[in-house]
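Presented below is the structure to which this report refers.
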Amino acid sequence: ATATSAVPSVRFRAATTYIDVSTQATHFGVSIDGAAPTYYATGYSGASRTASTRRITCDGVLRNYNIWSTNAAGSGISHMLSVGVDSTPVAITVKKLHQFGDSITSAVLSTSTAHGDCMRVASALGMVGSSFGIAGQTSAELATRIAAQVALTNSNVATDIAVLAMGRNDANVFTSADWDTTVAAILGGYAKVLVRGVLNTGTSFSAFNASMSAWVTAKADARIVYIDPVTWTGISTIDGTHPNDAGYVTLSSYCITAYTPHV
């Protein structure tokens, strides 16, 4: 299987005794049957286009595997994740969970961009995840980019779910027009969009989140769901704002609980 995206990810079901993972990434994660992932460092530095390959030993039992890697390790490198197994995978229906956001979505200050919340959450929910985050991105900037991004995701409007985790960089000002544009574009490619409030790390965004929640309510569209993070406490951070590796584990647990009724 081969995947290319902001954070490449694959999901398959097989009774395999090993998995060969080939990637130009610095790290990749492996989740088995939706359990917490194991992360592997590849040693790849981005100095060349030569991929690193690692063999993971498995138990030969029919299981579901989610595998994902970091985004491109070097500037200008076209990134690919390839996975090989020693048995023919069983056909499964793959439902996608895609997250659009900023630096928290892209996990820029954790060990690697593979250590964020989206792929952990997708694995636990029996989906295949990918995150599309740009550090410093505002809601206005995403509104100008989202249509082109959705067009490249190969999403299925009948089954796939999008998470919109934006607002941290909006100077605490909610601008409904930007969200109108973004959510309309997302619903052109996804069955539902989960509009996640800004995390309560660092500066308070309670007023911003209240505006966001009211905007979702006013839409009165079952495909648009507000995810309220007001009780999501204890998310440890690197700098007071961005989760560290442990923080993403905590965040993922909250997300799994909150998203489950909607997927």
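The values are calculated or read from the model by the stated rules, or taken from the named source; none is laboratory data. Note that the coordinates shown come from a computational prediction; the quantities given were computed from them, not determined experimentally. Here the Cβ is made from the backbone with ideal geometry for all residues, glycine too, and neighbour counts use every protein chain on show. Just the protein is used for accessible areas: all its heavy atoms, side chains included, with ligands, DNA and RNA removed. Shrake-Rupley method; radii C 1.70, N 1.55, O 1.52, S 1.80 Å.
Yes/no per residue for (1) modelled with pLDDT of 85 or more; (2) under 24 Å from VAL163 (Cβ atoms); (3) open to solvent by 30 Å² or more (accessible area, probe 1.4 Å); (4) assigned to a loop (DSSP other than H, G, I, E, B):
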residue	(1), (2), (3), (4)
PHE28	yes, yes, no, no
GLY46	no, no, no, yes
ARG55	yes, no, yes, no
VAL61	yes, no, yes, yes
ASN66	yes, yes, no, no
LEU97	yes, yes, no, no
For segment 182-192, state whether one or more residues are under 18 Å from CYS118 (Cα atoms) and touching a Pro at 6+ places or on another chain (Cβ under 7 Å). no
Kindly provide the set of residues from segment 126-148 that are surrounded by 19 or more Cβ atoms within 10 Å (Cβ to Cβ) and not β-branched (Val, Ile, Thr), ordered by number. MET127, GLY129, SER130, SER131, PHE132, GLY133, GLN137, SER139, LEU142, ALA143
Filter segment 196-239 down to residues that are at pLDDT below 95 and at positive phi, then give me how many there are. 1
Is it fair to say ASP160 is among the acidic types (Asp, Glu) and closer than 23 Å to ALA122 by Cβ? yes
Could you list all residues from segment 213-243 that are open to solvent by less than 40 Å² (accessible area, probe 1.4 Å), assigned to a loop (DSSP other than H, G, I, E, B) and closer than 18 Å to ARG120 by Cα? PRO229, TRP232, ILE235, HIS242
I'm told THR17 meets every condition in (1) modelled with pLDDT of 90 or more; (2) buried (at least 21 other Cβ atoms within 10 Å of the Cβ) except one. Can you identify the failing condition by its number? (2)
Subset of segment 189-212 (residues that are in contact with a helix residue (DSSP H, G or I) (Cβ under 9 Å, 6 or more places away or on another chain) and open to solvent by 60 Å² or more (accessible area, probe 1.4 Å)): ASN200
